[in-house]
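The values are calculated or read from the model by the stated rules, or taken from the named source; none is laboratory data. Because the structure is a prediction, the values reported are computed rather than measured. With ideal geometry, Cβ positions are generated from the backbone for all residues, glycine too; neighbour counts draw on all protein chains shown.
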Amino acid sequence: MTIQKFFPYINNKMFAEDVALSDIAEKVGTPFYCYSNTAISHNFQDYKQAFANQDTLICYAVKANGNQAVLSTLAKLGSGADVVSEGEIRRARAAGIEANKIVYSGVAKIESEIEYALNEGIFQFNVESEPELELISQVASRLNKTAAIAFRINPDVCANTHAKISTGKSENKFGVPISKARIAYKQAASLPNLKVQGVDVHIGSQLTQLAPFEEAYKRIAQLVAELRSDGHDISVVDIGGGLGITYSDENIPSKQAYAAIAQTQLGHLGCKIIVEPGRSLLGNAGVLVSSVVFVKTGEERQFLMLDAGMNDLIRPSMYDAHHEILAVDISAAPNQTKTYDVVGPVCETGDTFSKNRQVHQSKSGDLIAIMSCGAYGAVMASTYNTRMLAPEVMVKDDEFAVVRARLSYEEVINTDSVPSWV
Ligand SMILES: *Cc1c(COP(=O)(O)O)cnc(C)c1O
């Protein structure tokens, strides 16, 4: 069992920093997401230190968790943003992240989004295809602006991660194949209102080994040399994100070791390095707190039925992801566990957080913490089954604040409207 550093047990009760999770539950109800501000800051500072001897811009991948309180925390620490939509540009800007620290990724940017990004003055478009390149050139020409671009290169490297979060193999939809890169850059140099400045790569998420990064960066370094000999002025290498976190017993390489790989493979190029971490900044900075609704005894199993479901946290259903599931208060019997299937209330068999899991013996009303939920948790939530989105809470030291409130049923239902002809 791994305990997240900023969610310790104190006298057999789980806290977020110095706040008892039960105190938050009493105030906001369950389920709710809870983030540790200090954990986010620590993770960011770790990256900063790891890359201190390289000219690096850390661009937090907003899609991991776009809450304004999270983005403001990172903005104040000097973070830039890796965004994948106009909405994420707007979120990043609203939280105070400077436009010239924003890189824009994403496989199918549309014209209005490109226009918005150009008007904001973002640092770089990470271009994923030739048609997208042409569209960016057209929009920039119309606006009389220059778009700084890098191609996202698909290096055909296996990331050894879950198939749904692997992005750097030739069969994936992402990026321009490395074999076609020189032709693509040649085209870019010939189009108006573009400034070719960089090369970008992102091979997947939740990587637990450094070797795939090493292989990808080696291929990118080779490509940069070729592009320079073709006459392109390459001054930026965006190394993507993807460093994993410990969900259960994964042994994740340190950020220092990861940065050292970048230095070894790319340092000699003298480029500005952009790194786009998402999960490794937020994942272990958050938990999802839920209540046991019922303990149900089936024919063969005991079900721990929670008030959080797959609409709140979809990772177990979608990626077969493992999250530690811990009772918040273990004071009654600190060492007494039972085997449960831990499930949610949604009408889908897939609404299962874990099968045959040892959890503290629990009863109706007890609080359960689903761990490592700070990244790809709240952002992927939906109102399926007309369940309200779980509120989000941030803790710092002994203070906490609701950073996204639970909407009322009226607010959610009133977003629909009925045409007169129905
Ligand atoms: C999702 C994504 C990231 C962040 O990935 P993590 O695994 O969360 O670090 C970075 N860059 C791009 C282009 C992405 O799509």
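Take the range 200-237 and flag every residue that is among the polar types (S, T, N, Q) and either within 16 Å of the ligand (Cβ to nearest atom) or under 30 Å from Pro316 (Cβ atoms) (or both). I'd like the intermediate steps shown before the answer.
The first filter runs over the range 200-237 and keeps only residues among the polar types (S, T, N, Q), leaving 205-206, 208-209, 222, 229, 235.
If the condition is that a residue be among the polar types (S, T, N, Q) and either within 16 Å of the ligand (Cβ to nearest atom) or under 30 Å from Pro316 (Cβ atoms) (or both), then Ser205, Gln206, Thr208, Gln209 are the ones that fit.
Please state which one of Ser205, Ser229 is surrounded by 14 or more Cβ atoms within 10 Å (Cβ to Cβ) and either touching a Cys at 6+ places or on another chain (Cβ under 9 Å) or over 13 Å from Phe151 (Cβ atoms) (or both).
On the way: Ser229 fails: surrounded by 14 or more Cβ atoms within 10 Å (Cβ to Cβ).
Matching residue, one of Ser205, Ser229: Ser205.
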Among what's in the range 192-231 and is small (Gly, Ala, Ser) and over 29 Å from the mean Cα position of the chain (by Cα), pick the residue that is nearest to Glu276 (Cα to Cα). Ala225
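Identify all residues within the range 89-107 that are surrounded by 22 or more Cβ atoms within 10 Å (Cβ to Cβ) and farther than 13 Å from Ile274 by Cα; write none if there are none.
Residues of the range 89-107 that are surrounded by 22 or more Cβ atoms within 10 Å (Cβ to Cβ), as a first pass: 89, 92, 97, 102-105.
Passing the criteria: Ile89, Ala92, Ile97.
Name the residues in the range 155-193 that are among the basic types (Lys, Arg) and at pLDDT below 95, would you? Before you say what the answer is, go through the steps one by one.
Residues of the range 155-193 among the basic types (Lys, Arg): 164, 169, 173, 180, 182, 186.
Matches in the range 155-193: Lys164, Lys169, Lys173.
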Given (1) within 16 Å of the ligand (Cβ to nearest atom); (2) in a loop (DSSP other than H, G, I, E, B); (3) of a type in the set (S, T, N, Q), Asn284 misses just (2)
Answer with yes or no whether Thr383 is under 26 Å from Arg315 (Cα atoms), exposed (fewer than 15 other Cβ atoms within 10 Å of the Cβ) and out of contact with any Pro (no Cβ under 7 Å at 6 or more places or on another chain). yes
Could you tell me whether any residue of the range 54-65 is free of Cβ contacts under 8 Å to residues at least 60 places away in the same chain, assigned to a strand (DSSP E or B) and more than 28 Å from Val346 (Cα to Cα)? no
Name the residue that is nearest to Gln263 (Cα to Cα), counting only residues in the range 238-247 that are more than 7 Å from the ligand (Cβ to nearest atom) and touching a residue at least 60 places away in the same chain (Cβ under 8 Å). Asp238
If I filter the range 147-167 for residues that are within 17 Å of Gly198 (Cα to Cα) and away from the ligand (no atom under 15 Å from the Cβ), do I get at least one hit? yes
Among the residues of the range 329-342, is any of a type in the set (Val, Ile, Thr), in a strand (DSSP E or B) and touching a helix residue (DSSP H, G or I) at 6+ places or on another chain (Cβ under 6 Å)? no
Sort out for me the strands (runs of 3 or more DSSP E) sitting completely within the range 357-422 that have 3 or more residues that are assigned by TED's automatic domain parsing to the domain that holds Leu306 and of a type outside the set (Val, Ile, Thr). 392-396, 399-404
Is it the case that the range 4-21 has a residue that's surrounded by 15 or more Cβ atoms within 10 Å (Cβ to Cβ) and part of a helix (DSSP H, G or I)? yes
